[in-house]
Amino acid sequence: MVEKETKATIKKTAAKSAVGKKNGTKKAADKSCRIGELDHYLFGQGNHYEIFKKLGAHMTKFRGKDGVYFAVWAPHAKQVSVIGDFNGWELDANFMERQEPLGIYTCFIPGVEEGAYYKFCIRTQTDKLLFKADPFANYAELRPGTASRVVDISKLRWSDEAWMRERQTWKHEESPMSIYEVHMGSWKRHPGREDEGFYTYREFAKSAVEYMKEMGYTHIELMGLAEYPYDGSWGYQVTGYYAPTSRYGTPEDFAYMINYFHKNKIGVILDWVPAHFPKDAHGLADFDGTPTYEYADPKKGEHPDWGTKIFDYAKPEVKNFLIANALFWIEHYHVDGLRVDAVASMLYLDYGKEDGQWIANKYGSNENLEAIEFFKHLNSVVLGRNPGALMIAEESTAWPMVTGKPEDDGLGFSLKWNMGWMHDFLEYMKLDPLFRKNAHYQMTFSMEYAYSEKYILVLSHDEVVHLKCSMINKMPGVGFDKFANLKVGYAYMIGHPGKKLLFMGQEFAQLREWSEERELDWFLLAEKEHQQLQTFESDLLKLYRKNKALYELDTKEEGFEWINKDDTFRSIFSFVRHSKDNKKNLLFVCNFTPVARPDYRVGVPRRKQYKLILNSDDRRYGGEGAERPVFYKTEKSECDGKRYSFAYDLPAYGVAVFEF
């Protein structure tokens, strides 16, 4: 509706004068409404960390009148006006006054109320008119509309003080993190509704919290929730960086969701996209008729594969836009961490480009020096101001020191997705068990670099789309074999050093690939095999949270010990996870073949009693339920290079976890 009104107004007013003197509206931009000199200075230096409180649309009172103060950065515009439903979308009803030296346009419009729709009409140096959504808007029109909306987010209600206070002293390195990655619009939907049936932020919060507490997750990671126009982009092509998407409700509803997760002791991580943005006409691309937010040279400013623009990390104002945005989500909306998407595409000038499509840096190499400095600045500020918050890099290359300290020439992230582990793990798991002995190294190689970064082991949405199959359908065999393979794979993941992330639906063996167009196939839980896998995964998560050995020494070599990493022919892996005090350690034995080993002998690091605390052969997990002892005494019998050992009846695809 808004777009149609705007187009009709353009036709009616195209012939009107562009000098902006109609009704004397320029007087509305009184000097006392202007952004101050300090604001200009800080923004121009890239250090105005609360610029979102100055730019955008803010409800205020001026000379006794209630209204909205508008401000937008458009340095190369010839003229800017505010158009909206409050002025009939008239192009010259409310012109803005330009403020130097940065080219920020401002005006105060009395009588504008909360909920009003608006855009900025930008006249370029060539007299072309552009109709842009507000880059700093806090709310947006529901797609397919593209207007911004006036909203007051200064009085959001919070009751998560205890969580926020504890966050300040929380140390992720020594804490459990089992992350449930979720696309909110396709997790669950209301059946039979004429619209898409999306859960609102409030509905989702209550339903997801109940499920996550039952399963044992510690954190939820929400795929792209900053406003975006196209559902098929999954939220990774953003046009409203400061606005929670209106698909699921208002900013107040969004805050309610974060607050509700915190009240139930669940951390919230948002996907964040500083790497690129779409070319949609109402978005950031060529914002004032020139490359404002993006690099001017398309060899540096465009992703040919993605059809998107690349932020110009050399411009202080652009860096400020992004850094303030990260702070906005973490400080204003209490989000606990940001997972930074496509970091590799920012670090390498030739990422996704052929010869002739990119420009080398001043040293003749392919590193984006400006992006490197941006990351150091970003992470130093965000984590320096917010102890206990997380900055997580989705980085797929061998770039060194992604989680290293900026003062040591690292990028400063808290954690990094372990894409190498993910690739090797999945390639191994896809193999027929007969051939796994030829790929044994794929499952042990990750331990050779496990302490080079602070890692999250990830099985994310990217691995279950685009004909890659769901996790269960990656597994070889049929029926029991598929489920048994997935169970032993998940157990190995829980035992391996690193925090954990699993995409929604894979915990109960979603059969179909994920699609944003439909909810998960929850009906599968009517079948016992899917229930059993879900129960097994839940018990793994609870085992993980309960045992410090599985997380408190994640980044220390003394936290992990191979017992036998070379049982290649039988495709069996055994290892120990140590706790700090060595009082409660765990021994894992994982059999990746359908061959039972009735008298499997495993070496152990000390002469103690070993208690079986997880057995995948349990009937509740779909096993045969054979009776076996709970406690095992060691013998002075050399095995696996250890003086002591004990024997265990290891079933096909068997997983056994012992406490000692």
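Laboratory data are not the source of any read-out in this text; all were calculated from the coordinates shown. Since we're looking at a predicted model, the values are computed, not measured. We place every Cβ from the backbone using ideal geometry, glycine too, and count neighbours over all the protein chains shown.
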Give, rounded to the nearest 20 debye, the magnitude of the charge dipole that the chain has about its Cα centre when Lys and Arg contribute +1 at Cβ and Asp and Glu contribute -1 at Cβ.
1160
Tell me which of GLY216, PHE375, TYR256 sits at the most positive position along the dipole axis of the chain, charges placed on C-beta atoms (Lys, Arg +1; Asp, Glu -1).
TYR256
Sticking to Cα atoms, compute the Rg of the stretch 446-538 to one decimal and its Dmax as the biggest Cα-Cα distance, whole number, in Å.
13.9, 43
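Cα gyration tensor of the stretch 30-92, axes a ≥ b ≥ c as square roots of the eigenvalues: rounded (a/c below 1.5), prolate (a/b > b/c) or oblate?
Verdict is oblate for the stretch 30-92.
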Dipole of the stretch 392-454, positive end: most advanced residue of SER414, ALA398, PHE435 [Cβ charges, Cα centre]:
PHE435
With Rg and the Kirkwood Rh both taken from Cα atoms, where does Rg over Rh land for the stretch 272-369?
0.98
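Dipole of the stretch 570-660, Cα-centred, from +1 at each Lys and Arg C-beta and -1 at each Asp and Glu C-beta, to the nearest 20 debye?
520
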How would the stretch 170-235 be classified by its alpha-carbon gyration tensor: rounded, prolate or oblate, with rounded meaning a/c under 1.5 and the a/b versus b/c comparison settling the rest?
oblate
Quick one: P(r) of the stretch 557-659 from all Cα-Cα pairs, 5 Å bins, percents rounded to integers, in order of increasing distance.
3, 12, 24, 27, 20, 11, 4, 0
Net charge near MET429, counting Lys/Arg +1 and Asp/Glu -1 over other residues with Cβ under 10 Å of its Cβ?
+1
With a sphere of radius 9 Å drawn around the Cβ of LEU457, what net charge do the other residues whose Cβ falls strictly inside it have (Lys, Arg +1; Asp, Glu -1)?
+2
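What number do you get for the stretch 57-113 when its Cα radius of gyration is normalised by 2.2 N^0.38 Å, N = residues?
1.13
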VAL488, VAL80 arranged by Cβ crowding within 10 Å, fewest neighbours leading
VAL488, VAL80
If eta is 0.692 mPa s and T is 37 °C, what Stokes-Einstein diffusion coefficient results for the chain, Kirkwood Rh from Cα pairs, in µm²/s?
122
Footprinting proxy, THR403, THR60, THR555: sorted fewest to most Cβ within 10 Å, the residues are THR60, THR555, THR403
With each run of n ≥ 4 DSSP H residues scored as -39500 (n - 2.57), what mean residue ellipticity at 222 nm is computed for the chain after dividing by its residue count and rounding to the nearest 500 deg cm²/dmol?
-7000 deg cm²/dmol
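Please state the shape class of the stretch 184-315: rounded when a/c is under 1.5, otherwise prolate if a/b exceeds b/c and oblate if not, all from the C-alpha gyration tensor.
It is prolate, given that a/c is not under 1.5 and a/b is the larger ratio.
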Rounded to whole Å, give me the distance from the Cα center of the stretch 401-415 to that of the stretch 194-245.
29
Signed unit charges on C-beta, dipole axis of the stretch 106-215, positive-most listed residue SER148, HIS183, THR124:
THR124
Arranged by the count of other C-beta atoms within 10 angstrom, fewest first, what order do ASP355, ASP617 take?
ASP355, ASP617
